[in-house]
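The values are calculated or read from the model by the stated rules, or taken from the named source; none is laboratory data. Only a predicted model underlies this, so the values are computations on that prediction, with no experimental measurement involved. A quick note on method: Cβ atoms are made from the backbone with ideal geometry, for glycine too, and the neighbour counts reach across all protein chains shown.
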Amino acid sequence: MTHHKFTVTTARGMLPILVQELKEMGIGTIKQEQGNVRFTGSLEDAYRVCLWSRVAIRVLMPIAHFSAQTPDELYEGVKALAWEDHIDESESTIAVDFNSFRSKIHHTQYGAQRVKDGIVDRFRERTGERPSVDLFQPDLRINVYLKHNQAIVSVDLSGDSLHKRGYRQKTTPAPLKEHLAAAILLTAGWPKLAKQGWGLIDPMCGSGTFLIEAAMIAADIAPGSHRDYFGFLYWKQHDRDAWKQLKAEAERRKFSGLARLPMIVGGDRDAKAVAAAKINIAEIGLTDRIKVEQRDLLDWPSQAKDLPDMGIIVCNPPYGERMGEQSQLHHLYESLGNIVTEAFPAWRTTLITDNDNLAKYTGLTLFEAMPFDNGPIACQVLHYRAPRPLSANRQQLERSKPQKLDTEIAQTEYELSEHAEMFANRLKKNAKHRLKWAKKEGIECYRLYDADLPDYAVAIDIYGEHIHVQEYAPPKSIDSEKAIQRLNDVMKITPTVLGLPQSQIVLKLRQKQRGNQQYEAHSSQKQRFKVAESGLNFWVNLTDYLDTGLFLDHRTTRQIILNKAKDKDFLNLFAYTGTATVYAAAGQAKSTTTVDMSNTYLSWAQDNMTLNQFTDERHNYIRANCLEWLQEAQQNQQRYGLIFLDPPTFSNSRKMEGVFDIQRDHVSLIKLTSELLTTDGELIFSTNRRDFKLDSASLSGLSIENISHKTLPLDFKRNEKIHSCWLISKS
């Protein structure tokens, strides 16, 4: 059997996986180099890599190596090769890929043109005929790599990137490439876990790439089995018998593997994504094996009882491309971590992100991080331990325990803890005073309880006739079992004390829970509703986002804006849902300009303005990166009499250079914003970063007054660090 040298390429971070794959295929003489793996073997070995490698991108067979310091040397070197041994001149098609590294020929398109000319001219001089060019699926794809003026000419046996499995008929925005999804699953140990019967969930499945790759791994389906094109199929030296035998072997392995496929399910809140996933799953022939449904992230705990005790949750959550969506995204990561801990305590979690800071919000225990490239984006694949792994002899016991914080379960299965009466009394006392105060102030939304008792570490907010509960991390001195029991106390006592039904209480879990009973994040109808504040109305949503659309701690700040806005042009930057704009309009502002990067929030802001009948042309809404917009506004010499600036604490939006950090970047941001003030204009700057320090020395030329204490509402007096606020004007 004739042996050849081959080069296999893959993406950053995947070389060790590729080496392991080749070893498992029985391929010897493997050498890992920078950016590729080389091995010596038969054509059958190369075909096997094309068919079975889940992470390889291309399989190249070098056929020549020569010096090429000039375009003419490259042309002559290529022309001298026996291309007639590889293709027929008259009816064949070719394509050329050319890359250069530290060589005199650095223009890739020109290099590819000279290679093509050399091949074509050889045939034309020999027979008078020439092959044509087909960039899509040529009979022969030639790869030329010029390194230090040394040309390596190879036949590309893959023909097209091997990540293209052939099943992707429909796609969604920013889809995960197939080989990357497979690599993530392999590093997560999915092949072994699947054999042990573990399940797999992708709660943000998009077009279904993770689900399909997971099924193909678990069922031993060759990743290249659905492709109808490889670079060797029309190559003159193609070994058809070897390829036929490999295909037959792959079919037998698939038939056997499907019989032991574990449960694989996915979902997405986007109906179009779910439809795309179903089409792709059908294309690969796994419709009856993979279940996909339209489902919000917070709905997954309700499915836990129908899934295996152990499994892996894998997903590709959004990274935070737009600055205005940063706060919303960290809530998504928090929700993911909470759901795992609450409803899937024996499940591992794997995700890919380019934002380590966002990933920390999951609250899960990281045990491995690996660098991978998602296209041009340098990312990290993060593997998290199961919050509470199950031993084999405990699985049946755990299966019998209640898995949800359901009203009826809470009332019948659990007793109140010994300190519950203390919490109930404090809540009654707070309610007695706050209800009178809120009614007098014309407020429907306020904080009723804010970790008044350290043992009951929650914040309880009232939104009309709804209750919004957010859990803080319990003190380290509190046993985890007791923390869970006390959260149960909160969920039972609060609606009873306030005289509201359980269906109108919403629980947001910010920290993982470790007790015997795990709690499901509650939701009502996932619909917004109207609330009143100081004679104005706002839309709030307690279920779809961790924040509700109305920052209660800024109630007094909004009143200050109303009092200062009369006859002034008002600017609201990083506007969120535009509540400050509503107050400015109510204060008879001359005009309002609302700027945010998020379509969702900007639309919400317009709805809030419409709700209060502020709909005339004086009110402008701009979807933009606030930092970029500020520079444009300065160039256009726009001026405002009152500006509200409440930026996020952090952003790594790819639409801005570097990373935005409010502590590091606030000086330049405040200076840029203050330049838009009129001579007598005022800027209200606020941040909710707890450890923020204003660099007043670097803001010379501005008059700065700390009004943090003045902007702290009565119901937030216990939490003086909820935000910091300054009134800034030109000196």
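Brief remarks on what is shown
- Neighbours by Cβ (under 6 Å, 6+ apart or cross-chain): first from segment 533-552, touching a residue at least 24 places away in the same chain (Cβ under 8 Å); second among the small types (G, A, S): S534/G442; G535/G442; L536/A586; V540/G549; T543/S523; T543/S524
- Residues of segment 12-37 that turn out to be assigned to a helix (DSSP H, G or I) and not charged (D, E, K, R), as a count: 7
- When segment 340-372 is filtered for residues that are in contact (Cβ under 8 Å) with a residue 24 or more places away in the chain and part of a loop (DSSP other than H, G, I, E, B), the ones remaining, listed by number, are F344, P345, A346, D354, N355, G363, L364.
- Wholly enclosed helices (runs of 4 or more DSSP H) of segment 149-243 bearing at least 3 residues out of contact with any Ser or Thr (no Cβ under 9 Å at 6 or more places or on another chain): 190-195, 209-218
- Counted residues, segment 699-714 - those being small (G, A, S) and assigned to a strand (DSSP E or B): 1
- Restricting attention to segment 240-253, the residues being surrounded by fewer than 18 Cβ atoms within 10 Å (Cβ to Cβ) and either closer than 19 Å to A82 by Cβ or not aliphatic (A, V, I, L, M) (or both) number 9.
- Qualifying residues in segment 657-688 (those that are in a loop (DSSP other than H, G, I, E, B) and surrounded by 16 or more Cβ atoms within 10 Å (Cβ to Cβ)) - the one modelled with the lowest pLDDT: N688
- Residue list for segment 58-74, filter: assigned to a helix (DSSP H, G or I) and either buried (at least 20 other Cβ atoms within 10 Å of the Cβ) or among the small types (G, A, S) (or both): L74
- Test: residue in segment 75-86 that is in a strand (DSSP E or B), surrounded by 21 or more Cβ atoms within 10 Å (Cβ to Cβ), assigned by TED's automatic domain parsing to the domain that holds V115 and not basic (K, R): no
- Single unsatisfied condition, A46 versus (1) outside any helix (DSSP H, G or I); (2) crowded, with 21+ Cβ neighbours inside 10 Å; (3) under 45 Å from the mean Cα position of the chain (by Cα): (1)
- Residue count, segment 254-266 (criterion: crowded, with 17+ Cβ neighbours inside 10 Å and out of contact with any Pro (no Cβ under 8 Å at 6 or more places or on another chain)): 5
- Of all residues in segment 428-437, at least one satisfies being among the basic types (K, R), modelled with pLDDT of 90 or more and in contact with a strand residue (DSSP E or B) (Cβ under 6 Å, 6 or more places away or on another chain).
- Any chance E705 is surrounded by fewer than 13 Cβ atoms within 10 Å (Cβ to Cβ), farther than 24 Å from S591 by Cβ and at pLDDT 95 or above: yes
- The strands (runs of 3 or more DSSP E) found wholly in segment 515-625 and carrying at least 2 residues that are farther than 25 Å from H468 by Cα and at pLDDT 95 or above occupy 569-573, 591-596, 619-623.
- For T556, the conditions (1) within 24 Å of R690 (Cβ to Cβ); (2) under 32 Å from the mean Cα position of the chain (by Cα) all hold with the exception of (2).
Residue-wise test of (1) within 20 Å of the chain's Cα centre (by Cα); (2) not hydrophobic (A, V, I, L, M, F, W, C).
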{"residue": "G231", "(1), (2)": "no, yes"}
{"residue": "K236", "(1), (2)": "no, yes"}
{"residue": "A242", "(1), (2)": "no, no"}
{"residue": "G266", "(1), (2)": "yes, yes"}
{"residue": "R289", "(1), (2)": "no, yes"}
{"residue": "D296", "(1), (2)": "yes, yes"}
{"residue": "M310", "(1), (2)": "no, no"}
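- Filter result for V55 (modelled with pLDDT of 95 or more and outside any loop (DSSP other than H, G, I, E, B)): no
- Filtering segment 95-105 for residues that are touching a Ser or Thr at 6+ places or on another chain (Cβ under 6 Å), in a loop (DSSP other than H, G, I, E, B), at pLDDT 95 or above and within 30 Å of G13 (Cα to Cα) leaves an empty set.
- Here A181 meets each of (1) within 18 Å of M25 (Cα to Cα); (2) surrounded by 21 or more Cβ atoms within 10 Å (Cβ to Cβ) with one exception, condition (1).
- So R102, is it touching a residue at least 24 places away in the same chain (Cβ under 8 Å) and surrounded by fewer than 22 Cβ atoms within 10 Å (Cβ to Cβ): yes
- When K116 is tested against (1) surrounded by fewer than 16 Cβ atoms within 10 Å (Cβ to Cβ); (2) in contact with a strand residue (DSSP E or B) (Cβ under 7 Å, 6 or more places away or on another chain); (3) without any contact (Cβ under 8 Å) to a residue 24 or more places away in the chain, exactly one condition is not met: (1).
- Total residues in segment 685-718, condition touching a residue at least 24 places away in the same chain (Cβ under 8 Å), polar (S, T, N, Q) and within 20 Å of T557 (Cβ to Cβ): 5
- When segment 205-238 is filtered for residues that are of a type in the set (A, V, I, L, M), touching a strand residue (DSSP E or B) at 6+ places or on another chain (Cβ under 9 Å) and surrounded by fewer than 21 Cβ atoms within 10 Å (Cβ to Cβ), nothing remains.
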